[in-house]
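Here is the structure we will look at.
The values are calculated or read from the model by the stated rules, or taken from the named source; none is laboratory data. Just so it is clear, the model here is predicted, and its values are computed rather than measured. In this analysis, Cβ positions are derived from the backbone assuming ideal geometry, glycine residues included, and neighbour counts consider all displayed protein chains.
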Amino acid sequence: MVYLALLRGVNVGGKNLIRMDALKSAFEGLGFTDVKTYIQSGNVIFSSAEKDKSAIAKKIREEIRETFGADTDILVFTGKQIRTVVAEAPPDYGTDEAWKYDVLFFADTCNPEDVILDFPVREGVDRIHLGRQVIYAARLKSLASRSHISRIIGMPFYRSLSIRNWNTTRKLNELLGN
């Protein structure tokens, strides 16, 4: 089965610095095949016969901690799940250049339906839409400093998610063969 691992906080703000070639080697050392990394933010596509995503995430997290000394959370999605994220995006998502588009991917242990109730949104600046295990978030670029979306950093659910911009999400979907 083909998977996507999203590593939280890798190569962000000078922390958890991991070279992508070394990350690829670490995944191959775990027995994963067809390993590919995409950009420097901890996106890894790989194949595995293992069906338990939480077992895969645990295995990767332990390897990252042991090999790189980085204590980072790992979110694992199937290729099919990522295909669904892209296919079920809101109509015209990502088409208006005046907006910045992100996808907030949630760990299986966190329910976006519960999160969206407390999600900070500023009318006229922010837009959010609930998807399957994701929240699609957009903010008006010209008013980005007024956006409330960045307030999620202090919220309890923040450690259960990883954010990718819409272009990266679409490219990962393509690399997954979808």
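Taken over region 120-137, the residue count meeting the criterion of being in contact with a strand residue (DSSP E or B) (Cβ under 6 Å, 6 or more places away or on another chain) and surrounded by 17 or more Cβ atoms within 10 Å (Cβ to Cβ) is 9. For residue 132, the criteria (1) under 16 Å from the mean Cα position of the chain (by Cα); (2) part of a helix (DSSP H, G or I); (3) within 20 Å of residue 54 (Cβ to Cβ); (4) not polar (S, T, N, Q) hold in every case but one, which is (2).
Count of region 1-53 residues, restricted to those that are in a loop (DSSP other than H, G, I, E, B) and either of a type outside the set (Phe, Trp, Tyr) or in contact with a Cys (Cβ under 7 Å, 6 or more places away or on another chain) (or both), is 22.
Summed over region 39-72, the residues that are surrounded by 17 or more Cβ atoms within 10 Å (Cβ to Cβ), modelled with pLDDT of 95 or more and not hydrophobic (A, V, I, L, M, F, W, C) give a count of 5. Note on region 139-160: residues that are under 22 Å from residue 77 (Cα atoms) and either modelled with pLDDT of 95 or more or in contact with a Lys or Arg (Cβ under 8 Å, 6 or more places away or on another chain) (or both) amount to 1. For residue 90, state whether it is surrounded by 14 or more Cβ atoms within 10 Å (Cβ to Cβ), in a loop (DSSP other than H, G, I, E, B) and modelled with pLDDT under 90. Here the answer is no, as residue 90 does not meet what is asked.
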